[in-house]
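As structure tokens, the structure follows; a few thoughts come after it.
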Amino acid sequence: MHDGSGRIVVQNLTKQFGPVAAVQNLSFTVEPGSVTGFLGPNGAGKTTTLRMLLGLVTPTSGIGLINGRPFHQLGNPGRVVGAVLEAQGFHPKRSARNHLRVYAAAIGVPDSRADQVLQLVGLGAAGERRAGGFSLGMKQRLALATALLGDPQVLVLDEPANGLDPEGIAWLRTFLQSFARSGRTVLISSHLLAEVEQTVDQVVIVSRGQTMYYGALDNLRDQQQARVLVQPSDAGALVAALREDGVAGIEQLPDGRIAVAGVEAKQVADTALRAGVSIYGIQEEKADLERLFFQLTNGQYAAPAQAQYGAQAQYGAQAQYGAPAQYGQQQPPVPPAGSGYYAPPAGYQQQPGYQQPGYQPQGYQQQGYQQPPSGYHQPVAGYPQQETPPQGMPPQGTPPQGYPQQPPQAPGYQQPPQDNPYGQQQGGGLGGGA
Ligand SMILES: Nc1ncnc2c1ncn2[C@@H]1O[C@H](COP(=O)(O)OP(=O)(O)OP(=O)(O)O)[C@@H](O)[C@H]1O
């Protein structure tokens, strides 16, 4: 029998699509009671990893486990995992309520559950509206409602904030945290750190299919390297002088300033004085998470010279900070946007019918599991529950073999917590937590 923990274990997962190494030896654990952000730029391998975890793509090697079992071996998967890989696939002329009822019937839950999950995701007033007329944000909510039908122990959501307006993102944050605090497990992917920063307890940051950081966001925050921004009278002379002093992390900014990493302002000022360079302005800047995230992932598309900030950056090269770009685009690193967090897509209009409910205990008992309709990412019905782990499964409650994985060039890698930081899983209905 599966261990019932709700723990997700990804162990040395690898997927090769012909010449494309989509996922390379990826390992991480998601503990019940926590929200884990799975972050990386476009094409980093997030969706492929989630699809392998959900049994939709066969790994080249490695394994993904939920409750200690591969997805297709979960005894009652509709109760265990709710997944949203894309907020599409709704019959455009079917109302939200009817859509949910179709899926409710498929997994053997009563029609009344459709209204419950509509309320849960804030679509209580939109149940009669056709899904085809929904905005992207409303489709995201409807997809989440579909995933919640089976009262799952684990939620796996691919880019759930995509299309949500700021209010929707704030609501999603509260919802997912509440869900997790009830002892359940949440794994969400995003290509925007800012989108999930306030939601997640730990992050797995991937780039080109490889782990770049795995651990608590707070630890990543603690490792931020401050830099000094200086406006000199002669940038070339100051850079030369700094280099003579053995300072390596030097970068020219488009506005004419020099950024110097790993030193204090006083050292830069002393060097400038010695070199006879006037300083018109100087300030210490604490690196923010967004820039750190970019440092960890910007090698994916950028040319090597563009991919560096710090020791290997070359003064005098093309300005490395270009026009504001979004993560994951084929752009050189950009400074923290400062704004744009939670910004809805251009032209986005909030649709009527939203509510912002909390996540309430449902006390719902699932009636049994049946084969869902095609396209519903739930496993095959009636799969016999096994009493002993299949061969090759790691022992429960211990880290997978080879774990922890040492990410390449990843500062701040740390082992995940071995114990559930939120205590034992609580039984009963959904939510009811924080
Ligand atoms: N079925 C497939 N056949 C061939 N290559 C694939 C397939 N699926 C994904 N890939 C490739 O694998 C890599 C990882 O893709 P994946 O969709 O997993 O990334 P992602 O991080 O989810 O990106 P995004 O944020 O854009 O969705 C990409 O280079 C992609 O082109």
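In segment 186-211, what residues are at pLDDT below 90 and away from the ligand (no atom under 14 Å from the Cβ)?
ALA194, GLU197, GLN198
Please verify whether GLN231 is touching a Lys or Arg at 6+ places or on another chain (Cβ under 8 Å) and assigned to a loop (DSSP other than H, G, I, E, B), treating the condition exactly as stated.
No: the conditions fail for GLN231.
For segment 33-48, what are the residues that are of a type in the set (A, V, I, L, M, F, W, C) and near the ligand (Cβ under 8 Å from one of its atoms)?
Taking segment 33-48 first, the residues of a type in the set (A, V, I, L, M, F, W, C) are 35, 38-39, 44.
Scanning segment 33-48 gives a single hit, ALA44.
Can you confirm whether segment 203-214 contains a residue that is among the hydroxyl-bearing types (Ser, Thr, Tyr) and outside the structural domain of GLY163 (by TED's automatic domain parsing)?
No, segment 203-214 has no match at all.
Given (1) without any contact (Cβ under 8 Å) to a residue 40 or more places away in the chain; (2) closer than 12 Å to GLY281 by Cβ; (3) among the β-branched types (Val, Ile, Thr), identify the lone condition not met by ILE258.
(1)
Kindly evaluate GLY183 against the criterion of being of a type outside the set (S, T, N, Q), at positive phi and more than 16 Å from the ligand (Cβ to nearest atom). Reasoning before the result, please.
Details: of a type outside the set (S, T, N, Q): yes; at positive phi: yes; more than 16 Å from the ligand (Cβ to nearest atom): yes.
For GLY183, the condition - of a type outside the set (S, T, N, Q), at positive phi and more than 16 Å from the ligand (Cβ to nearest atom) - is met.
Among what's in segment 49-84 and is in contact with a His (Cβ under 6 Å, 6 or more places away or on another chain) and within 16 Å of the ligand (Cβ to nearest atom), pick the residue that is farthest from SER135 (Cα to Cα).
That would be GLY55.
Provide a single number: the residues in segment 80-108 that are in contact (Cβ under 8 Å) with a residue 60 or more places away in the chain and closer than 26 Å to SER189 by Cβ.
Here the count works out to 12.
Between residues in segment 12-29 that are on the phi < 0 side of the Ramachandran plot and residues that are more than 9 Å from the ligand (Cβ to nearest atom) and charged (D, E, K, R), which pairs lie under 8 Å by C-beta distance while being six or more apart or on different chains?
These pairs meet every condition: THR29/ARG7.
Out of all the residues in segment 114-130, which are of a type in the set (Gly, Ala, Ser) and surrounded by fewer than 22 Cβ atoms within 10 Å (Cβ to Cβ)?
GLY124, ALA125, GLY127
So LEU164 clears everything in (1) surrounded by 22 or more Cβ atoms within 10 Å (Cβ to Cβ); (2) more than 23 Å from GLY108 (Cβ to Cβ); (3) touching a strand residue (DSSP E or B) at 6+ places or on another chain (Cβ under 6 Å) except one condition, right? Which one?
For LEU164, the exception is condition (3).
In segment 35-60, what count of residues is obtained for those that are part of a loop (DSSP other than H, G, I, E, B), touching a residue at least 12 places away in the same chain (Cβ under 8 Å) and either among the acidic types (Asp, Glu) or surrounded by fewer than 24 Cβ atoms within 10 Å (Cβ to Cβ) (or both)?
8
The values are calculated or read from the model by the stated rules, or taken from the named source; none is laboratory data. Predicted model, so just to flag it, every value in this text is computed and none were measured. Ideal geometry is used to build each Cβ from the backbone, glycine not excepted, and the neighbour counts take in all protein chains shown.
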